[in-house]
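Throughout, read-outs are computed from the coordinates displayed, never taken from laboratory work. Predicted model only: the values in this text are computed from it and were never measured. Every residue, glycine as well, gets a Cβ built from its backbone with ideal geometry; the counts of neighbours run over all protein chains shown.
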Amino acid sequence: MQVLPLEKLGPREVAGQSGVVEFGLFLPWVSAVQGNPLYLKIIHEQDQFRQQIQPCEFELSPSPDPVYGDYCSVAVDLPGHPLPHPGSAWGSPGRYVYRYYLAVSPEKSGREASKLMHNQGVFIAMGMDENGKPMKYVNTGYICNLLRRFV
């Protein structure tokens, strides 16, 4: 069995480009060509509960992989992207919360669309330090500040 190439998965800094983070994942049999574009929604942790600030959305570009099928990725320039709203913490150091969002084509049947959209609301956190470098991922889970006092 082939081991997944971890250097292509999740968020990681683009070499030589401070603050640019590439997000990637393998999603076999699901692609924009088949009417299922995949998006990344990302927001700074400080903005996530401010209703007037919506997450920034980026479409992932599919590319074929001979071993694993469809690979989707997008590069995001965190400090270079325009603020989603005046007063947003976007582009500043700290934690960013992101998720992948699969847009299902209206031609899909209800059952097929339901299978594709399962768990669409799962969020993941990544961080950016003061120098614009993504912080190393640590698999310790993430609990938003609002919930910490209840855990």
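Annotation: the residues 90, 29, sorted from fewest to most other C-beta atoms within 10 Å of their own C-beta, follow the order 29, 90.
Legend: ranking of residues 98, 39, 68 from fewest to most surrounding C-beta atoms inside 10 Å; resulting order 68, 39, 98.
Measuring r between the beta carbons of residue 92 and residue 8 and using R0 = 25 Å, the FRET efficiency lands at 0.35.
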